[in-house]
Amino acid sequence: MKTRPDPPVIPSDRGGCPFDPPADYARLRAEDPVSPVTFQVAPGDPNGWLVTRHDLVREILADERFSHRNELLAHVVAPPFPMDEYKPVPSAPGSFAKMDAPEHTKYRRLLAGHFTLRRIQAYEPELERLVDETLEEMAAKGSPADLVTDWAEVFSLRSVCSLMDVTPELMDGIAEHFGALMRLTYTLEEFIHHIESMDALIRPMVAARMAEQGEDFFGRLSATGELTEDELVNLAVLTLGGSLDTTPNMLALSTFALLEHPEQLALLRERPELYEAGAVDELLRYLTISQMGSSRCAVQDVELGGRTIKAGQTVVLSLPAANRDPEVFTDPDRLDVTRIPRKHLALGFGAHQCLGQHLARSSMRIGLRKLFDRFPSLRLAKPAAEVPLRDRSVHYGVDELPVAWD
């Protein structure tokens with residue numbers, strides 16, 4: 001009797017190029033763009049789907065028939081502990097990233113005004129000052145240096161402190177615990193420890209800001225009168241912690257990519273206006289550090305790409321695969337800083353599109369331009385093949401980036 005072949009697992013082998021997603025994505029995108037996946041909850045029985053084609057990923061991200069609610073996504077479990085230890089529960093008050101409308105809409109509305117394009121543009125002089133400050137400190141330490149710990153992480157932490165009016169000591173603690181959770185190498189006990197530790201750090205700050213009702217970031221949120229202390233604590237975890245993993249990863253990985261594509265770096269040196277035109281979005285598209293993609297749960301039966309996704313089934317949306325779709329991007333596996341990739345999905349799409357996208361773009365544009373201006377002879381201090389990759393994390397990147405300069 002012929003047995004049914006096992007459904008594909010989500011690809012993870014990146015091959016020889018540190019900047020390319022797993023090669024299997026290209027095959028799946030062409031042959032089976034909505035492919036069955038078995039999650040741990042029911043071994044051997046397909047109970048989910050992997051979506052790799054750009055138009056289908058974009059469609060799902062904007063489709064209200066697919067939920068982002070935490071308690072529905074029981075099949076996709078990021079923590080590396082056994083399924084019988086995992087109990088999906090409703091999102092905590094304020095944890096809007098795993099909510100649908102109208103709850104998600106409420107929290108996003110309260111936060112959106114703090115991250116508008118106009119507000120971030122007004123903040124850019126401070127970003128410039130912080131970049132210069134951290135680059136001068138790196139220069140003072142001397143060559144060689146680790147671009148991750150000596151610049152990208154330091155700059156990102158300081159910008160969050162400045163924008164959201166929190167102390168470096170608080171951010172250091174949050175960075176330690178949030179970073180550990182992003183690595184996906186913790187036990188259930190460690191997971192609980194990191195969550196409780198962040199709460200213990202953030203709650204006194206939130207309580208003080210609610211009492212003061214000042215003009216700082218969290219004081220203004222509290223002054224709306226729409227948030228409880230628990231809600232504001234969980235909003236703080238998302239807004240403070242979320243920016244500490246994505247921006248430094250993108251800064252370091254973008255630097256690595258440009259150093260390994262000297263012709264593209266030369267174009268940026270000759271035409272710095274490309275940073276503003278589209279080079280930053282091209283780096284976001286080409287690198288797409290959200291290697292886990294995004295996940296949704298169907299709340300009703302949906303026909304998609306010739307498949308029937310049943311109510312209750314989970315779909316994993318591969319953003320790296322979608323951003324290399326040749327039907328949308330010409331020669332998608334090539335880094336081209338002259339490209340204007342308007343349809344890339346690195347920052348999401350629809351109601352859950354990245355709230356801090358304007359801050360992320362400004363940080364990258366200012367940070368990369370000033371880095372290469374300050375160190376015109378910047379180069380890797382070890383062979384590219386020896387750079388340790390952050391491939392066991394929610395967000396892809398490098399664990400360190402040794403660089404040198406004359």
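What residue, of Arg285, Arg307, is modelled with pLDDT of 90 or more, buried (at least 23 other Cβ atoms within 10 Å of the Cβ) and charged (D, E, K, R)?
Checking each option against the conditions leaves just Arg285.
Taken together, Val315, Val403 contain a single residue that is crowded, with 17+ Cβ neighbours inside 10 Å and either more than 27 Å from Phe155 (Cα to Cα) or of a type in the set (Ser, Thr, Tyr) (or both), which is Val315. Of the residues making up segment 118-166, those that are in contact with a helix residue (DSSP H, G or I) (Cβ under 7 Å, 6 or more places away or on another chain) and free of Cβ contacts under 8 Å to residues at least 24 places away in the same chain number 5. One residue stands out in segment 358-390 among those that are free of Cβ contacts under 8 Å to residues at least 12 places away in the same chain, in a helix (DSSP H, G or I) and not aliphatic (A, V, I, L, M): the one that is surrounded by the most Cβ atoms within 10 Å (Cβ to Cβ), namely Asp373. Of the helices (runs of 4 or more DSSP H) contained entirely in segment 16-127, those carrying at least 1 residues that are under 22 Å from the mean Cα position of the chain (by Cα), modelled with pLDDT of 90 or more and over 30 Å from Leu221 (Cβ atoms) fall at 24-31, 54-61. When we screen Leu188, Leu221, Leu235 for residues that are within 30 Å of Val148 (Cα to Cα) and either crowded, with 16+ Cβ neighbours inside 10 Å or touching a Ser or Thr at 6+ places or on another chain (Cβ under 7 Å) (or both), the only hit is Leu235. I'd like to know if segment 243-256 contains one or more residues that are over 30 Å from Ser197 (Cα atoms) and not in a helix (DSSP H, G or I). No, segment 243-256 has no match at all. Is it the case that segment 164-184 has a residue that's surrounded by fewer than 18 Cβ atoms within 10 Å (Cβ to Cβ), at pLDDT 90 or above, farther than 17 Å from Tyr107 by Cα and among the basic types (Lys, Arg)? No.
The values are calculated or read from the model by the stated rules, or taken from the named source; none is laboratory data. What you see is a predicted model, and the numbers here were worked out from it, not measured in a lab. All Cβ positions, even for glycine, are placed from backbone atoms using ideal geometry, and neighbour counts span all protein chains on display.
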